[in-house]
1. Mind checking whether some residue in region 59-79 is assigned to a loop (DSSP other than H, G, I, E, B), exposed (fewer than 11 other Cβ atoms within 10 Å of the Cβ) and modelled with pLDDT of 85 or more?
2. Select from region 7-18 the residues that are more than 13 Å from residue 51 (Cβ to Cβ) and aliphatic (A, V, I, L, M) and write down the one among them that is least open to solvent (accessible area, probe 1.4 Å).
3. Out of all the residues in region 29-49, which are surrounded by 12 or more Cβ atoms within 10 Å (Cβ to Cβ) and of a type in the set (S, T, N, Q)?
4. Only one residue in 13, 26 is touching a residue at least 40 places away in the same chain (Cβ under 8 Å), within 20 Å of the chain's Cα centre (by Cα) and at negative phi, so which one is that?
Amino acid sequence: MKYRLFIWIMWPSFLVSILAEGLFFSIVHPAELLFFGNHPNISDEGIYTIGFFVIWIFCSFSSALTAYVLPGINADAKNPDKSLI
């Protein structure tokens, strides 16, 4: 059940982070980004990669919070009446 919950959290957050990164970097070019007033000495592909993982972390926290507050997610699998799966 823990692996299934992990996939329930990570897969939707992965898909949303793909869309969010595409939207963000279609508006902002990595050369325009400033970190603490300086341009980072990283290639554009590196900025895209770091940005993707940062967005994925935020999206996975959102999915994990949803799974945490969802009633019945930790219900006993032997009793299907109290489980959402």
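The values are calculated or read from the model by the stated rules, or taken from the named source; none is laboratory data. As the structure is a computational prediction, the values presented were derived from the model and not from experiment. In this analysis, Cβ positions are derived from the backbone assuming ideal geometry, glycine residues included, and neighbour counts consider all displayed protein chains. For accessibility, only protein heavy atoms count, side chains too; no ligands or nucleic acids. Shrake-Rupley method; radii C 1.70, N 1.55, O 1.52, S 1.80 Å.
1. no
2. For region 7-18, the residue satisfying everything is 9.
3. Passing the criteria: only 49.
4. Step by step, each of 13, 26 is checked, and only 13 is touching a residue at least 40 places away in the same chain (Cβ under 8 Å), within 20 Å of the chain's Cα centre (by Cα) and at negative phi.
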